[in-house]
Amino acid sequence: MTPKVPAITLNDNTSIPQLGFGVFQIPPADTERLVSVALEAGYRHIDTAAIYGNEAGVGRAIAASGIPREELYVTTKLWNDRHDDAGAALDESLERLGLDRVDLYLIHWPCPAQNRYVEAWQQLVGLREKGLTTSIGVSNFLPEHIDRLSMTSRVTPVVNQIELHPALQQWKDIDAARVHGIRVEAWAPLGQGRTDLLEAPEIVDAATAHGVSPAQVIIRWHLQNGVILFPKSSHPERIRENIDVFGFELSSGEMADITSLDEGEDGRVGPHPSDVES
Ligand SMILES: NC(=O)c1ccc[n+]([C@@H]2O[C@H](COP(=O)([O-])OP(=O)(O)OC[C@H]3O[C@@H](n4cnc5c(N)ncnc54)[C@H](OP(=O)(O)O)[C@@H]3O)[C@@H](O)[C@H]2O)c1
């Protein structure tokens, strides 16, 4: 049976499947096979990026699936050295993906020292107007970067994709996004598989109570918080497990127990957005 993944309406009136499949660190040679497994399992939302080097594999899996294009949601991202060159960068991504448009194009990192993200955003607005991407958004933007965009553009990003998991809950950034009507997407939703998270008693106890895995509990926690996410796995059985999360619900007590695992900045598994320039 195809899993019933909820759709979230974005501030441009488009909708996005709340749960997808992320392909960061999936080697190009494995991408077509693993994305095909994901599509077969019922995923309809794929999150890739130019820098992952695997857009072509995503495109081949999409083409081979026979799934109508309008049923799929494909995100890719503008890399840091192309902030002044977004049109050509998106053309190259579309060529690799074998698509004539993506659903969502993101500025991958703000790169504040380069100070070109406002210029990049203006280009993304133009690409949306040309129909090369249906929606546009940002990733790893701090509240101050979003404020700056809102002062310089009439177009608001539909999402901000940030590192977010039980050890790094980012409530301040979530609130800042909400003020602008921007939805939050969680990258590293499983903390990139951090074993101390998957083995935390609060998560293991909930998993035992519901007869599911710790990863499924964390995915439910995000879904019930209204966050969009796309866990990555290179294992077909885990890819299927990670979308099999619609047959149980965490109680408010279980949700609160997981929320108590926040470590703030100490919980980061990736770099801080102020530190990434290339
Ligand atoms: N915008 C950005 O800057 C940015 C940065 C990073 C990621 N992302 C996006 O977010 C997506 C997800 O983040 P992520 O890939 O970094 O990390 P993640 O999804 O939090 O974690 C992936 C790790 O968890 C393991 N895992 C997956 N399912 C599991 C399960 N059911 N049980 C136990 N372990 C499991 C995987 O191992 P196996 O693969 O061995 O199964 C892998 O090591 C990425 O793929 C990418 O699309 C965006």
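The values are calculated or read from the model by the stated rules, or taken from the named source; none is laboratory data. Here the structure is a predicted model, which is why all the values come from computation and not from measurement. Here Cβ is always computed from backbone atoms with ideal geometry, including for glycine, and neighbour counts include all displayed protein chains. Side chains are part of the model used for accessible areas, which takes the heavy atoms of the whole protein and leaves out ligands, DNA and RNA. Shrake-Rupley method; radii C 1.70, N 1.55, O 1.52, S 1.80 Å.
What single numbered condition from (1) open to solvent by less than 30 Å² (accessible area, probe 1.4 Å); (2) within 13 Å of the ligand (Cβ to nearest atom); (3) not hydrophobic (A, V, I, L, M, F, W, C) fails to hold for R238?
R238 satisfies every listed condition except (1).
Go over the candidates D173, D205 one by one and state the one that is in a helix (DSSP H, G or I), more than 14 Å from the ligand (Cβ to nearest atom) and in contact (Cβ under 8 Å) with a residue 12 or more places away in the chain.
Sole residue among the options that is in a helix (DSSP H, G or I), more than 14 Å from the ligand (Cβ to nearest atom) and in contact (Cβ under 8 Å) with a residue 12 or more places away in the chain: D205.
S234 passes all but one of (1) touching a strand residue (DSSP E or B) at 6+ places or on another chain (Cβ under 7 Å); (2) not in a helix (DSSP H, G or I); which number fails?
(1)
It is to be established whether one or more residues within segment 141-150 are within 20 Å of the chain's Cα centre (by Cα), modelled with pLDDT of 95 or more, assigned to a helix (DSSP H, G or I) and under 15 Å from I46 (Cα atoms).
no
Of the residues that sit in segment 176-198 and are surrounded by fewer than 20 Cβ atoms within 10 Å (Cβ to Cβ), closer than 23 Å to Q25 by Cα and not hydroxyl-bearing (S, T, Y), which one is farthest from the ligand (Cβ to nearest atom)?
Among them, the one singled out is D196.
So how many residues does segment 83-113 have that are part of a loop (DSSP other than H, G, I, E, B) and within 16 Å of the ligand (Cβ to nearest atom)?
Number of matching residues: 6.
Suppose we keep only residues that are of a type in the set (A, V, I, L, M, F, W, C) and out of contact with any His (no Cβ under 9 Å at 6 or more places or on another chain) within segment 122-141. Which one would you say is nearest to H83 (Cα to Cα)?
So, considering only residues that are of a type in the set (A, V, I, L, M, F, W, C) and out of contact with any His (no Cβ under 9 Å at 6 or more places or on another chain), the one nearest to H83 (Cα to Cα) is L124.
Among L168, L198, which is within 26 Å of Y105 (Cα to Cα) and in contact (Cβ under 8 Å) with a residue 12 or more places away in the chain?
Criteria check complete, one pass: L168.
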